[in-house]
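The values are calculated or read from the model by the stated rules, or taken from the named source; none is laboratory data. Everything numeric in this text was worked out from a predicted model, so none of it was measured. Because the Cβ atoms are built from the backbone with ideal geometry, glycine has one as well, and the counts that use them run over all protein chains shown.
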Amino acid sequence: MTEVKREVFGQMPQEEGGGMVEKFILKSDSVKVEILSLGCIIAALEMKGRDGECSDVVLGFDTLEGYTRKHPFFGAVVGRVANRIAKGRFAVDGKEYQLFLNNGPNSLHGGARGFDKVLWSPQVLPNGVCFFRLSPDGEEGYPGDLKVWVTYTLSGRELAINYRAQTSKTTPINLTNHAYFNLAGQGSQDIYDHEISIEADSYLPVDNTKIPTDRIRSHRSVLFIRWRLMFLKICRAEPVQSCSRAGREVAAVQGTGFDLRQPVKLGKHLQKFHLDGFDHNFCLPQVQARRLAARARHPPTGRAMEVHTTQPGIQFYTGNNLDGSLKGKGAIAYPKHSAFCLETQNWPDAINKPHFPNALLRPGEEYNHSTWLVFNTA
């Protein structure tokens, strides 16, 4: 049985359009979640540890003022297009569009005023809350009137997030939630003692602006390419280096620091592979069905979470850009690597890469994806 409460969280400043921000509290026997009508933000998520004590495991702020200032999308739904679009440019049906550049040379998470910074209209459900907004044609440079529904429902240990959208013009869309987790409890200094696993055989290499380098192959495709190149070499006397050249372009996780198919202790893993952290898309099986994407576990407290999704990718981010300058709940500073994100989504810059999973929503179609977060004590 889920209990749902609503209360006033604060008033938006006039320069941000004004309006009342509400907080919705979903509570089951195992989990309590607080969600804001501003940006559909998960502002708090409390779960029990092995000792039976509850802790809030997501980063954020105690007051509305924190969320109206600049912050790294704590807990928010981001869109129209989550992640990066190279140079903020794309073309649809022969027409070119230019977006605001808010991440170096690229557009990130919807632009200057994306879905995370606006008020949504709420509807209370028996076990959750549904938020709606109309993103007007031309908002942040995107085409079409886009109707969007984001629904949070809590059942026992499982928080489900469903994203639906319909459009009047063909538009790119990619929605996700950007919650920052620390299963030791928000405010803990790092996530090095967490165990992480991701159910992906391949990932997207990126350039220095975090745009995919367009060299992804599944491990199975890699084997086929190698076999094909060897076959051509035999038939046409092509040089052997063609095969090795193809091998260097493969983005299979096997044998690399990106192989997270078995649980790794994050701190030791980063040290072993000399990694500064993760901010990469891991490629999931492209099937429109619920499947396990990732697990996270904090052995000292026994807190664990699973991420299930219908999306084709999951962005694993380890809070590399947190630097201690932001003070969150309880005036605690959030330093580098003090949280992780597991953002289920389409692949970055898919709108500019036709061989990536489809990023376009057309009139008469419906965008419909779900993610399930399952919280356990192990």
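Got a sec? Which strands (runs of 3 or more DSSP E) wholly within the stretch 1-120 have at least 3 residues that are under 25 Å from Leu159 (Cα atoms) and not small (Gly, Ala, Ser)?
Values: elements: 3-11, 20-27, 31-36, 42-48, 54-56, 89-92, 95-98.
So the answer is 3-11, 20-27, 31-36, 42-48.
Yes/no matrix, rows are residues, columns are (1) buried (at least 20 other Cβ atoms within 10 Å of the Cβ); (2) modelled with pLDDT under 95; (3) on the phi < 0 side of the Ramachandran plot:
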site	(1), (2), (3)
Thr171	yes, no, yes
Gly187	no, no, no
Arg228	no, yes, yes
Val250	yes, yes, yes
### Task
Could you check Lys265 against (1) surrounded by 19 or more Cβ atoms within 10 Å (Cβ to Cβ); (2) at pLDDT 50 or above and say which number it fails?
(1)
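Taking the stretch 299-337 as the region of interest, how many residues are of a type in the set (Ser, Thr, Tyr), touching a residue at least 60 places away in the same chain (Cβ under 8 Å) and assigned to a loop (DSSP other than H, G, I, E, B)?
Initially, the stretch 299-337 is screened for residues of a type in the set (Ser, Thr, Tyr), giving 301, 309-310, 317-318, 325, 334.
Add one more test, that the residue is touching a residue at least 60 places away in the same chain (Cβ under 8 Å), and what stays is 301, 309-310, 318, 334.
Of the ones still in play, those that are also assigned to a loop (DSSP other than H, G, I, E, B) are 301, 310, 318, 334.
Count: 4.
Residue check: is Glu195 within 16 Å of Val307 (Cβ to Cβ) and in contact with a Pro (Cβ under 7 Å, 6 or more places away or on another chain)? It would help to see each step written out before you state the result.
On the way: within 16 Å of Val307 (Cβ to Cβ): yes; in contact with a Pro (Cβ under 7 Å, 6 or more places away or on another chain): yes.
Against the criterion (within 16 Å of Val307 (Cβ to Cβ) and in contact with a Pro (Cβ under 7 Å, 6 or more places away or on another chain)), Glu195 qualifies.
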#### Entry: Of all residues in the stretch 270-303 being crowded, with 20+ Cβ neighbours inside 10 Å and among the hydrophobic types (A, V, I, L, M, F, W, C), the one that is farthest from His355 (Cα to Cα)
Ala296
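Could you list all residues from the stretch 189-203 that are touching a Lys or Arg at 6+ places or on another chain (Cβ under 9 Å) and part of a loop (DSSP other than H, G, I, E, B)? Give the steps one after another, and end with the answer.
Initially, the stretch 189-203 is screened for residues touching a Lys or Arg at 6+ places or on another chain (Cβ under 9 Å), giving 190, 192-202.
Correct list: Asp190, Tyr192, Asp193, His194, Glu199, Ala200, Asp201.
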